[in-house]
Amino acid sequence: MKSEFLNRGKLLAGLFVMLFSTTAVAEKVIEPTWVKEGVDWSQYTKFMVKPLNIDDVKVVKPPYAEDDTSEWTLDIQDLEAMQAMFRDAMKSTLEGNGGWPLVYADGKEVLEVEVEILNIMPWIKPGGDEELEGFEVKTLGSGEITARVEMRDSMTRELLLLIEGDKAVGEKYKEFTTENNVKNVVNMFTQFATRLRNSMDRVHGR
């Protein structure tokens, strides 16, 4: 019985990682950087999603603006809006249509998820879109981010999976507007939540 359990755990762990890292080429998602071996992912049926960590975000200038001596910064309202978009996308995608409950306390069946934004590279200087009024400027998405994702057992706080890398914010050429930038951010968070939801669905045979 012990060997059967271990083999089942390895299969489930492999399935979860495979599903979480499998992507359509166009999505350009970040693959897992490290995964703990032998995790029985089927023991998890609930998510505890921590607030988007934006405590130490660095704004990086794109290559074309490296000689710009002015400071590029995001104001607190922009960052707080990003946190709200993340929270709403995770809740609606993970819980919707008979999904997986989001809880706010640890437990035996709870998988803890934390996402930290490390760097943001906007294609146009924050606030600079006001200077574009009267012009139509199209960019491939809104920019790029560097993010770190940690998944832990909520009871032991043991790290189970780590993802760190760069991600495009938007993958199509569109006019650079506040509305389109918001859509790009929401779509990015929704893609991540969908991958997480699909992985858990498959592990549980849904």
Original post:
Hey, does the range 163-175 have a residue that's hydroxyl-bearing (Ser, Thr, Tyr), farther than 15 Å from GLU31 by Cβ and surrounded by fewer than 15 Cβ atoms within 10 Å (Cβ to Cβ)?
Top reply: yes
Original post:
Pick from ILE145, ILE124, ILE120: which is without any contact (Cβ under 8 Å) to a residue 60 or more places away in the chain, in a strand (DSSP E or B) and either over 27 Å from LYS172 (Cβ atoms) or not charged (D, E, K, R) (or both)?
Top reply: ILE145
Original post:
If we keep just the residues of the range 96-118 that are surrounded by fewer than 16 Cβ atoms within 10 Å (Cβ to Cβ) and within 20 Å of VAL186 (Cβ to Cβ), which is modelled with the highest pLDDT?
Top reply: GLU114
**OP:** List the number of the failed condition for LEU160; all other conditions in (1) in a loop (DSSP other than H, G, I, E, B); (2) more than 23 Å from GLN83 (Cβ to Cβ); (3) modelled with pLDDT of 95 or more hold.
**Re:** (1)
**OP:** Kindly list, by first and then second residue, each pair from a residue in the range 173-184 that is in contact (Cβ under 8 Å) with a residue 40 or more places away in the chain and within 9 Å of LYS138 (Cα to Cα) to a residue that is of a type in the set (S, T, N, Q) and part of a strand (DSSP E or B), limited to pairs with Cβ atoms under 7 Å and residues at least 6 apart or on different chains.
**Re:** PHE176/THR139
**OP:** Name, by its number, the condition in (1) buried (at least 17 other Cβ atoms within 10 Å of the Cβ); (2) modelled with pLDDT of 90 or more that does not hold for MET155.
**Re:** (1)
Subject >> Set MET188, MET200: member being under 24 Å from GLU80 (Cα atoms) and not in a loop (DSSP other than H, G, I, E, B) >> reply: MET188
Subject >> Check on ARG195, free of Cβ contacts under 8 Å to residues at least 12 places away in the same chain and under 19 Å from LEU102 (Cβ atoms) >> reply: no
Original post:
Of all residues in the range 138-189, how many are under 13 Å from the mean Cα position of the chain (by Cα) and under 30 Å from GLU37 (Cβ atoms)?
Top reply: 15
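The values are calculated or read from the model by the stated rules, or taken from the named source; none is laboratory data. In this text the structure is predicted, and so the values were computed from the model without any measurement. As a convention, Cβ positions derive from the backbone with ideal geometry for all residues, glycine included, and neighbour counts pool all protein chains shown.
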